[in-house]
Amino acid sequence: MTLDIRTLMVLYALVNAATAAAIGIVWYQSRKQYAGITFWLVDIILQTAGATLILLRGRVPDFFSITLSNTMILAGIIIIYMGLERFVGRKSSQIHNYVLLAIFITIHSYYTYVQPNLQIRTITIAAMTLILTAQPFWLMLRRVDPAMRPMTFLVSTIFGGYVVVSALRLILLIVFPLQGNDFFKTATPDALTILTYIILTAGLGFSLILMVNRRLLGEIKTDAEELQRSNAELERFAYVASHDLQEPLRMVASYTQLLEKRYKDKLDADAMEFINNAADGATRMQIMIESLLQLSRITTRGRPFQVTDCEKVFQKAMANLQLAVSDSGAKVTHDPLPEVMADDVQLIQLFQNLVANAIKFRREEPPKVHVSARQDGNEWVFAVKDNGIGIAPKDYDRIFVIFQRLHSQGEYPGIGIGLALCKKIVERHGGRIWIESQPGQGSTFYFTIKATGMRQQA
Ligand code: ADP
């Protein structure tokens, strides 16, 4: 069987063009992130143009189809090598390659125009390919950082393939010298090397894309770990700071109390007022610090999730709110509630805070609160609806921030921790919390919690 070189070269040009398109996409997406990708694209475009020029042999001047085409292909290898060096952060001088390319052009031109000899030209091309592809092979195999090697190994293998095929081609050329001076009429052994180059080109495209992909995935993972680590650090910091502030604050509080007790009779009204204000401030700060600690304990002291019956959770929350319910004459109703995967203690706290707020922020009439749940995919959407004072849309986000309140102490007591705790609890469970409300028209707080995974009816 003979392989038609012209057909193979058409295939070679097409595979190069397809690879150029694929690398073009990678270049478009990642050129700003990673150095060197532009060089890869330039290489593949040069390879495609070189292969196309070779195909046009006889139709365009020999300078284009013989000299320029092969120079483009070999220069392309130097360029992709430079690109790979940049990609892995190992830049080196390329002078030896430029010198090699100049020598190649001289020899190749001599055996094209002065003393045409296809055999010697092909040998110089094979030798150059061998020398040039050996460099990226070694770069990706050994010169890269050991941590990067799993990522660069495939590209190195492909270049290893080029090295082996070019070496074999040299041997074949020596054993079976090419006859005549027409590249398109050469015999099967050389055609086989071209076929292998085609496969290697496709392989190179794939391996480059996989390498970028692997690097991207690796970086996403590192970023996620870094984020987790800094979050944990921040929480630890908040915890330690609040914890350590408690002691000096206790001193301030107890000494102001002592001052008040001991010198009550000796101080005038102004001085007593100042002492009272200082004591008030200290107490408020103690409550705030305790709130911060409570908030950080949601994640640090949370219990593992288990199947939790929300009916029971709701009953416990209501038992804790007994006094508020009877004092306000509130009517709290609920639909059947499902089982979810949750930390039950935190879920009690969540229901308790939301229902307590629904009772606290009431209007003149007795509060009416209704709790319901509906399944949406693999999660439950809970709703706590009241007929209270409502909230303007502009404040929807603010109310979930710690210490943010919309009212003075006089109007409604509190320090602005309840909803921040609710948000943290819901987020620890992988859910979301939000509100729908209008001033004067009641509010509905929604939150989601993952279902147990079993089919269940509310
Ligand atoms: P606190 O109750 O201590 O003020 P929260 O974090 O529980 O703190 O609530 C923050 C703010 O959100 C409240 O000050 C109030 O303005 C508003 N809010 C919370 N729940 C309701 C509700 N059910 N109806 C109207 N406003 C509410």
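The set of residues from the range 399-408 being more than 8 Å from the ligand (Cβ to nearest atom) and either assigned to a helix (DSSP H, G or I) or farther than 21 Å from Gln352 by Cβ (or both) comprises just one member, Ser408. Please tell me if Arg432 is more than 8 Å from the ligand (Cβ to nearest atom), touching a residue at least 24 places away in the same chain (Cβ under 8 Å) and surrounded by 12 or more Cβ atoms within 10 Å (Cβ to Cβ). Here the answer is no, as Arg432 does not meet what is asked. Which residues, taken from the range 258-275, are assigned to a helix (DSSP H, G or I) and surrounded by 15 or more Cβ atoms within 10 Å (Cβ to Cβ)? Listed by number, the residues that qualify are Leu259, Glu260, Ile275. The condition of being away from the ligand (no atom under 12 Å from the Cβ), within 16 Å of Gly442 (Cβ to Cβ), touching a Pro at 6+ places or on another chain (Cβ under 9 Å) and of a type in the set (Val, Ile, Thr) holds for only one of Val325, Val332, Val371, that being Val332.
More than 30 Å from Ala232 (Cα to Cα) and among the hydrophobic types (A, V, I, L, M, F, W, C): is that true of Val325 in this structure? Taking the combined requirement at face value, the residue satisfies it.
Kindly check whether there is at least one residue in the range 380-400 that is at pLDDT 95 or above, within 19 Å of Val345 (Cα to Cα), surrounded by 14 or more Cβ atoms within 10 Å (Cβ to Cβ) and of a type in the set (Phe, Trp, Tyr). Yes: the range 380-400 contains one or more residues that are at pLDDT 95 or above, within 19 Å of Val345 (Cα to Cα), surrounded by 14 or more Cβ atoms within 10 Å (Cβ to Cβ) and of a type in the set (Phe, Trp, Tyr). The set of residues in the range 409-424 being in a helix (DSSP H, G or I) and near the ligand (Cβ under 6 Å from one of its atoms) consists of Gly418, Leu419, Ala420.
Listed here are the residues, each with its yes/no results for (1) within 26 Å of Ala202 (Cα to Cα); (2) outside any helix (DSSP H, G or I).
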{"site": "Leu101", "(1), (2)": "yes, no"}
{"site": "His108", "(1), (2)": "no, no"}
{"site": "Tyr111", "(1), (2)": "no, no"}
{"site": "Pro116", "(1), (2)": "no, yes"}
{"site": "Arg121", "(1), (2)": "yes, no"}
{"site": "Ala127", "(1), (2)": "yes, no"}
{"site": "Ile158", "(1), (2)": "yes, no"}
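The set of residues in the range 65-94 that are in contact with a strand residue (DSSP E or B) (Cβ under 9 Å, 6 or more places away or on another chain) and either of a type outside the set (Val, Ile, Thr) or under 18 Å from Ala202 (Cα atoms) (or both) comprises Ser65, Ser69.
With a requirement of 3 or more residues that are in contact with a strand residue (DSSP E or B) (Cβ under 7 Å, 6 or more places away or on another chain), the helices (runs of 4 or more DSSP H) lying completely within the range 286-376 that satisfy it span 310-320, 344-360.
The values are calculated or read from the model by the stated rules, or taken from the named source; none is laboratory data. Computed from a prediction, not measured in an experiment: that's the story for all the values here. Don't worry about glycine lacking a Cβ; one is built from the backbone with ideal geometry, like all the others, and counts go over all protein chains shown.
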